[in-house]
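Values quoted throughout were computed directly from the atomic coordinates according to the rules given, and no laboratory measurement underlies them. Keep in mind the model is a prediction, meaning the values are calculated, not measured. Cβ sites come from the backbone with ideal geometry, for glycine too, and all protein chains shown count toward neighbours.
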Amino acid sequence: MKPSKLQDHLRRCHPDKTEEDLKYFQTLKDKFHKGSTLDRMFASTSQRNDDGLRASYNISLLIAKPGKPHTIGEKLILPAVEEALKTALHKTCI
């Protein structure tokens with residue numbers, strides 16, 4: 001924002017803050033940037049949901065690759081479960 005428009009905004013919308021010095025506004029900026037966000041608050045939950053979504057996508061990809069309409073068979077069941085365990089639970093299969 002241009003400085004003149006910023007000063008006009010400050011006078012119109014925040015008349016109680018017109019007498020504050022620059023240090024006050026820098027402190028507000030620092031608090032805003034250091035504040036918690038939804039991403040930071042739910043980071044671990046988000047990671048687990050992403051892993052489950054990734055496993056679902058990889059299984060869907062395995063189903064789509066053979067190009068068969070609805071009959072999947074045993075050739076896909078074991079690789080799909082292995083992919084789910086490997087991706088979501090970070091465990092290797094037998």
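Protection proxy ranking, highest mean first, for peptides 17-29, 52-64: 52-64, 17-29, where packing is the per-residue count of other beta-carbon atoms within 10 Å, averaged. Once the Cα-Cα distance is subtracted from the 0.36 nm per residue extended length, the VAL81 to GLU20 segment shows a gain of 15.8 nm.
Here the simple spin-label model places points 7 Å from the Cα toward Cβ, and for MET1 and THR37 these points are separated by 2.1 nm.
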